[in-house]
């Protein structure tokens, strides 16, 4: 007799907005600048490229503690959970884009977005630009 595993899909829990705003102004903006430079330096090397891309993917979290979009699937039988990411474009298309455009354009994009975040007037433009950095780098969908 086989038993089917029951799963439950739960949305990702968000940190309260006020705490995210405080994080951004106290630490998030400064840490994100260093985070981006380190990630980009790792992206230039072949050996540390996976770590650099992982760091680029986490820029929105470092900046504003924004939860990654998607859902967690929790196996009710054993209590384990896993993250369900969005479906992505073809790996080879993403790799070619990264090699030709993404690796250098992402630094320009990130630097411009980070500078925009330093101003109150352009902050509403800078934050979404940094949130889009994983897409600009590798065409990764959130």
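The values are calculated or read from the model by the stated rules, or taken from the named source; none is laboratory data. Every value quoted in this text rests on a predicted model; they were computed, and no experiment measured them. Cβ atoms come from the backbone with ideal geometry, glycine included; neighbour counts cover every protein chain shown.
Of the candidates 42, 76, 18, 37, the single residue that is at pLDDT 90 or above, more than 19 Å from residue 141 (Cα to Cα) and loosely packed, with under 12 Cβ neighbours inside 10 Å is 18. Note on the stretch 38-50: residues that are within 17 Å of the chain's Cα centre (by Cα) and touching a residue at least 12 places away in the same chain (Cβ under 8 Å) total 5.
Within the stretch 113-130, take every residue that is in a helix (DSSP H, G or I) and touching a residue at least 60 places away in the same chain (Cβ under 8 Å) and give me the one that is surrounded by the most Cβ atoms within 10 Å (Cβ to Cβ). It would help to see each step written out before you state the result.
Going residue by residue through the stretch 113-130, those that are in a helix (DSSP H, G or I) are 113-117, 123-130.
Remaining after also requiring touching a residue at least 60 places away in the same chain (Cβ under 8 Å): 114, 117, 127, 130.
Details: 114: 22, 117: 23, 127: 20, 130: 26.
Out of the qualifying residues, it is 130.
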